[in-house]
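The values are calculated or read from the model by the stated rules, or taken from the named source; none is laboratory data. All values reported here derive from a predicted model rather than from experimental measurement. Virtual Cβ from ideal backbone geometry, glycine too; neighbours counted across all protein chains shown.
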Amino acid sequence: MDHIRFLSTQAKTDPHYYIHNEIGYNYRMTNLQASLGVAQLEELPEFIRRKQHNYACYCQAFEGFPLARLMPFRADISSNCWFYSLLIDRSEISASMRTIITELEKKGIQTRAIWGLINEQKPYEGEETYRLEKAPYYASRILNLPCSTSITEEEIAYVSREVKQLLTSLANNKCS
């Protein structure tokens, strides 16, 4: 327990000169932060219910759409559906993820790429130490949709409609 406390308080071996012989973290929190966390935990079941409902709304909206599909969660778990990932069909749409995100932003829709791969980040260029098989594939194809617990069904419908319209337009432009 002492070692965990040491790591959680920045692992300073010499606090006067900030000497760190191990990688530490700053996981301390104030009483105010702790009470806010407890209050949020009390709302967690409702947050999860909303997230699962919103995911179902997105699934219904994208059902049968040929250019993208919502990524499923494992069937053998009870997912909290914390974010919603749309898998884009790259055989039909060659526009970059940045183009898609920027075009949606113009319509007031904030989306995100799923992640930036660590080995492609400037401080880590060339530091890949194992074979990446699926990460680059998904990084170039997944668009995370708005997923706030406060998003409404009308907003989900708007997002879905605009995303489908944009992807259809981009697919049609490919053929031109």
Kindly provide the set of residues from the range 92-130 that are charged (D, E, K, R), exposed (fewer than 10 other Cβ atoms within 10 Å of the Cβ) and under 16 Å from ARG141 (Cα atoms), ordered by number. ARG98
Under the condition of being over 18 Å from LEU67 (Cβ atoms), among the small types (Gly, Ala, Ser) and not in a helix (DSSP H, G or I), which residue from the range 126-149 is modelled with the lowest pLDDT? GLY126
Sort out which residues of the range 101-117 are assigned to a helix (DSSP H, G or I) and within 15 Å of the chain's Cα centre (by Cα), and write them in order of number. ILE101
All-but-one check, ALA56 against (1) of a type outside the set (Ser, Thr, Tyr); (2) assigned to a loop (DSSP other than H, G, I, E, B); (3) within 23 Å of VAL163 (Cβ to Cβ), failing number (2)
Taking the criterion of being touching a strand residue (DSSP E or B) at 6+ places or on another chain (Cβ under 7 Å) and either over 20 Å from GLU153 (Cβ atoms) or surrounded by fewer than 16 Cβ atoms within 10 Å (Cβ to Cβ) (or both), would at least one residue in the range 33-50 satisfy it? no
Any idea how many residues of the range 138-165 are in contact with a helix residue (DSSP H, G or I) (Cβ under 9 Å, 6 or more places away or on another chain), acidic (Asp, Glu) and more than 20 Å from THR99 (Cβ to Cβ)? 1
The lone condition SER78 fails out of (1) without any contact (Cβ under 8 Å) to a residue 24 or more places away in the chain; (2) part of a loop (DSSP other than H, G, I, E, B); (3) among the small types (Gly, Ala, Ser); (4) closer than 25 Å to VAL163 by Cβ is (4)
Output yes when any residue across the range 10-22 is of a type in the set (A, V, I, L, M, F, W, C) and modelled with pLDDT of 90 or more, and no when none is. no
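Name the residues in the range 131-151 that are of a type outside the set (Gly, Ala, Ser) and either in contact with a Phe, Trp or Tyr (Cβ under 9 Å, 6 or more places away or on another chain) or surrounded by 16 or more Cβ atoms within 10 Å (Cβ to Cβ) (or both), would you? I'd like the intermediate steps shown before the answer.
Our first condition is that a residue be of a type outside the set (Gly, Ala, Ser); within the range 131-151, this holds for 131-134, 136-138, 141-147, 149, 151.
Those that are of a type outside the set (Gly, Ala, Ser) and either in contact with a Phe, Trp or Tyr (Cβ under 9 Å, 6 or more places away or on another chain) or surrounded by 16 or more Cβ atoms within 10 Å (Cβ to Cβ) (or both): TYR138, ARG141, ILE142, LEU143, ASN144, LEU145, PRO146, CYS147, THR149, ILE151.
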Can you pull out the residues in the range 60-70 that are crowded, with 16+ Cβ neighbours inside 10 Å and either in contact with a strand residue (DSSP E or B) (Cβ under 8 Å, 6 or more places away or on another chain) or not in a loop (DSSP other than H, G, I, E, B) (or both)? ALA61, PHE62, LEU67, ALA68, ARG69, LEU70
